[in-house]
Amino acid sequence: MKIIFLILLLSSSWLLAQNNYSTTSNWLLETKTDTQKFKAIQKQFRGFDLAMVEVGYRFNSFYFAIKAKNYDLANYQWDKIKKAITNGTHRRPKRKTNSETMFLNTQYKIMKTALTTKDEKLIWKEYSQVKQSCNACHAAESVPFIKVIDPEYRWQPIQ
């Protein structure tokens, strides 16, 4: 039994030594080559899904900012949403066309203008349009099961 354990331990050690990255907290600094480092960084950035995680977080904050009539915060988050989507399209260029057509060149600009007016009725009207645009984009990108809803209703079952 001890021999089997020793063989397993040595095999595991050899396999770990053969990988191209560190198993310590300095995993990137200890990665051997620049190519391997860039691959490791690219893997961490992932694709468009991680950009959408940021967009979701910021969209929640955006919603509550306009609800509180904190238009400075809403405007800030709105700009960051644009940046997150733009960064995401650099990582996944196939998402660029719908991102631009359905949001960046349309809804983003319309909402940006609405925010400058500080007209609550107009802002909520455009907010509703933004949700529809987001959901249409999700459908166009073959993820129609991802539904944008008002954050305070997020944890209720969707019918």
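Just so you know, all these numbers are worked out from the coordinates, no wet-lab data involved. It should be emphasised that the depicted structure is a prediction, and the values quoted were computed from it without experimental measurement.
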Would you kindly state how much longer the chain becomes between R91 and E120 on full extension, computed as 0.36 nm times their sequence separation minus their alpha carbon distance, in nm to one decimal? 6.9 nm
Need the list of aspartates and glutamates near K109 for cross-linking: C-alpha distance under 12 angstrom, and skip anything on the same chain fewer than eight residues off. D79, E100, E126
Over the Cα atoms of the stretch 69-153, what Rg and Dmax result, in angstrom? 13.1, 36
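Would you mind checking K82/K131; K37/K147; K125/K147; K82/K125; K83/K118 for any pair whose Cα atoms are more than 25 angstrom apart?
K37/K147
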